[in-house]
Amino acid sequence: QVQLVESGGGLVQAGGSLRLSCAASGRTFSSYAMGWFRQAPGKEREFVATISRSGLTTYYADSAKGRFTISRDNAKNTVYLQMESLEREDTAVYYCARSRWERGTYSGSDYNYWGQGTQVTVSS
């Protein structure tokens, strides 16, 4: 069984930065792509970013491009999301997820393990 534990969320002012971390249990971390999703109050869960098993390929939602950076450290079984220039619209619970595949996709249905989420609140 794979467990994913997010950390690093919190309250930040607009324009500020946060780095989210997601630590994974198990020996198969480096075999699968990882992704970050978010869900704002009253809205559906949405894709944020994904990274391939090697870390060489990344994809971002339009809302994240140029501001967020996804990375991973396979030696530490950890995936990160560096968020810069945060906006109020980034307020949400952020979830990391493990893909079923080596390369990540935009669809949540392609991810079979999820963390419990970490709250990010951006104030104006």
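The values are calculated or read from the model by the stated rules, or taken from the named source; none is laboratory data. Computed from a prediction, not measured in an experiment: that's the story for all the values here. Positions of Cβ are backbone-derived with ideal geometry, glycine not excepted, and every protein chain shown enters the neighbour counts. With ligands, DNA and RNA removed, areas are computed over all heavy atoms of the protein, side chains included. Shrake-Rupley method; radii C 1.70, N 1.55, O 1.52, S 1.80 Å.
Can you tally the net charge around SER30? Count Lys and Arg as +1, Asp and Glu as -1, for every other residue whose Cβ sits under 9 Å from the Cβ of SER30.
Spelling it out: positives minus negatives among the neighbours equals +3.
Expressed as a whole number of Å, what is the distance separating the alpha-carbon centroids of the range 1-80 and the range 82-105?
Answer, in whole Å: 5.
So which residue, out of ALA75, ALA14, ALA40, gets the largest mean-square fluctuation from a GNM of the chain using Cα contacts under 10 Å as springs?
Greatest mean-square fluctuation among the candidates belongs to ALA75.
What's the carbon and sulfur percent of the chain's accessible surface, probe 1.4 angstrom, rounded to a whole number?
45
Calculate one ³J(HN,Hα) per residue across the range 59-66 by plugging θ = phi - 60° into the Karplus curve 6.51 cos²θ - 1.76 cosθ + 1.60, and present them in order as whole Hz with x for glycine and proline.
9, 10, 5, 4, 5, 9, 4, x
State, as an integer percentage, the relative contact order of the chain based on alpha-carbon contacts under 8 Å between residues 6 or more apart. Display every interim value, and only then the final one.
Values: 319 pairs, mean separation 44.3, N = 124.
Relative contact order, the chain: 36 percent.
Could you tell me the relative contact order of the range 24-63? Use alpha-carbon pairs under 8 Å, at least six residues apart, and round to a whole percent.
Numbers: 51 pairs, mean separation 13.3, N = 40.
Across the range 24-63, relative contact order equals 33 percent.
Just to confirm a number: summing +1 for Lys and Arg and -1 for Asp and Glu over residues other than SER17 whose beta-carbon lies under 13 angstrom from that of SER17, what do you get?
Details: positive: ARG19, ARG67; negative: GLU84, GLU87, ASP90.
In short, -1.
For TRP101, what residues show an amide H to amide H distance below 5 Å, using hydrogens built from the backbone and excluding near sequence neighbours?
ALA33
Using the crude model of +1 on Lys and Arg Cβ and -1 on Asp and Glu Cβ, and no other charge, please compute the dipole size for the chain relative to its Cα centre, in debye to 20.
On the way: 14 positive and 11 negative charges, 71 e Å.
That gives the chain a dipole magnitude of about 340 debye.
In Å², what does the accessible area per residue of the chain work out to with a 1.4 Å probe?
In whole numbers, the chain has 52 Å² accessible per residue.
Please list, in order along the range 5-10, the HN-Hα scalar couplings obtained from phi with the Karplus expression 6.51 cos²θ - 1.76 cosθ + 1.60 (θ = phi - 60°), rounded to whole Hz, x for Gly and Pro.
With the stated coefficients, the range 5-10 comes to 10, 8, 7, x, x, x Hz.
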